[in-house]
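Values in this text are rule-based calculations from the coordinates and carry no lab data. Because the structure is predicted, anything quoted here is derived from the model rather than measured. Ideal geometry is used to build each Cβ from the backbone, glycine not excepted, and the neighbour counts take in all protein chains shown.
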């Protein structure tokens, strides 16, 4: 829960941002500069949502600089893009290159990102060797923080992959519970987009939905670069499932939604946070997007009264509405600012490893409530929120808060 | 859905894909027949064509799929869009030939082919940087009419694809077989040197091949957008590689071969998707390898017999 004072401070911070938005001097010349690395998928199918995530970080960092949140220190951003033209979306190889770039710059004391789990799997071992902590605002694949895979993703030992969202170990199964209990489905067909996130999410969903007694009629993999899914959708149609669950991101998701609208008009369609957000809306369009269920791995924030000031300041500054992951990104930046502040207050030098240790013990009041992490870096709060797209013709078709209708928190698995 | 319905539906799916691949394959084949050049920029002329057409449709005030036209307005909008797109794409093809390939005409080895790969990436990145990377919702004024044949569904857009593809391919075939310039094209394909000696303007023939091939690719790009309701900077590569496989399967350089090859690849993709799922690409590209190893001249035989 956010305290009244913390909320006031947040609001003051955003107000300051607004007040100083046009040309001010951030910090003093004598300030030490600490850099925060950012890795997002700014090129490719998820670019639209990535930009909205980045805006959230920029707001928090600007407010910290202008409000002199950490006396004697100024924050600087090193923004890197893990999307490439050839991949058309996030590219794990580019993400690895970006991680090396951050690690090799000694001014970088912490990072935010990546947006995608496939990128996270590539970055985690490099960040671990460089002792550089990152906080992801949206990547949800559970393997990266799972101690079972510690040798692979944190070879240097200490957790360096923190999250301000929960993982697909909850996102998939909780949605399975929702669909079985609340929507009462008896049969489902499962698809994934062959990426690390999509496969993991679909696996987790499938395991739980089977436990719930729902019949899984089949499982297929989509090639995200292919244009035509009519063959597999026709096959699904012939099996006549009540629901379709898709684990994956926008590149395949948008095409799937368009073609499923034609071929499977009456089937209940659902996915994870890969089909939540502006990218999915603007690419799919109406009427094809109508009725899709999606989840996010955090509480629903943008509709929350506590976030109203943030939403207003954000929309005013960037001209677009924020997504929930704009807020989890903002919160991630707050956690880093707080960590740097606590290290600086001890009088010790602000090093990566000191900042990492400070993040590990964080208890930071943010918009989503108090953020703290478990021993592996996962968020203590495990809320998964369910949405359904219902066209609001009065609003812009890609207005996330108008088109995605919040339904409920999914039942815990 | 019964098994027959399922097969019928997958056949419809496959023929739609196939018609699109055939239109694209024709461009490979036309240029290859005359220059013995595999033109990899063709992939992305198709992609650029779909964006040009999107721009034209937007100029008519269309955005998503909310505005539906019928009757004469629909026919007029489609006719104008097809015409503008085909001419603009054709001119892009001509520009590529004139600026990037003609200076290399007499250079031996793979220089020209590698240049087309470069041009392909240039087009790809121009669209990526100017339009953006997200999949774009395509303006589509066509009514969403579906005909039911037992359990199978035939979308009216599928009929459009078949109709347009058929008209364009028949037009091309007649042009190549009957017209004066078509005859010159065939003569150049057989032996450019001899054709030149007989007074054929080879440069004009080459320009014509690029224009026609690229115009068909542009039409293919528009059809792609209308069929799938989206376009993106990345669509050229997957569709292009399949179309290239189709051209090789039919016999590269052979116009009817490209049409049949396209349909076969489309059918394999649809029926393979039913049985083999994500393994379909393995099947399609195995065909490419097998044809190249065992029957390099393809099903219908390669044109350009006197060049090797």
In a GNM of chain B with a 10 Å cut-off on Cα contacts, which of B:164, B:153, B:206 has the highest mean-square fluctuation?
-> B:153
Per-residue ellipticity at 222 nm for chain B, helices alone: DSSP H runs ≥ 4 residues times -39500 (n - 2.57), over residue total, nearest 500 deg cm²/dmol?
-> -24500 deg cm²/dmol
Where only C-alpha atoms are counted, convex hull volume of chain A per residue in Å³ = 125
For residue A:305 and residue A:346, compute 0.36 nm times the residue count separating them, minus their Cα-Cα distance, and round to one decimal in nm.
-> 11.2 nm
Expressed as a whole-number percentage, the relative contact order of chain A with C-alpha contacts under 8 angstrom and at least six residues apart is 19
The distance between the Cα centres of region B:195-258 and region A:387-413, in whole Å, is 43
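Starting from the Kirkwood Rh over alpha-carbon pairs, what translational D in µm² s⁻¹ does region B:23-233 have by Stokes-Einstein at 20 °C and 1.002 mPa s? It would help to have the intermediate numbers written out before the result.
On the way: Rh = 18.2 Å.
Reported coefficient: 118 µm²/s.
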Comparing B:111, B:195, B:83 in a Gaussian network model of chain B (Cα, 10 Å), the one with the largest mean-square fluctuation is B:111
Could you run the Debye sum over the Cα atoms of the protein assembly as shown, one equal point scatterer each and no solvent, and tell me log10 of I(q)/I(0) at q = 0.07 Å⁻¹, two decimals?
-> -0.53
What does the helix-only formula give at 222 nm for chain A: each DSSP H stretch with n ≥ 4 adding -39500 (n - 2.57), the total divided by the residues, and the result rounded to the nearest 500 deg cm²/dmol?
-> -12500 deg cm²/dmol
Region B:91-155: translational diffusion in µm²/s, Stokes-Einstein, Kirkwood Rh over Cα pairs, 10 °C, 1.306 mPa s = 100
Between region A:53-93 and region A:205-226, how many Å separate their Cα centres?
-> 35
Quick one: check the C-alpha center-to-center distance for region B:132-180 versus region A:312-360, whole angstrom.
-> 52
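For peptide B:233-240, compute the average count of partner chain beta-carbon atoms within 10 Å of each residue's beta-carbon.
4
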Classify region B:160-233 as rounded, prolate or oblate, taking a ≥ b ≥ c as the square roots of the eigenvalues of its Cα gyration tensor: rounded when a/c is under 1.5, otherwise prolate if a/b is larger than b/c and oblate if not.
-> prolate
In units of 2.2 N^0.38 Å, the Cα radius of gyration of region A:93-196 is 1.25
Candidates A:384, A:267, A:355; GNM for chain A (alpha-carbon contacts under 10 Å) flags as most fluctuating A:267
Shape category assigned to region B:130-199 from the gyration tensor of Cα positions, a/c cut at 1.5 = oblate
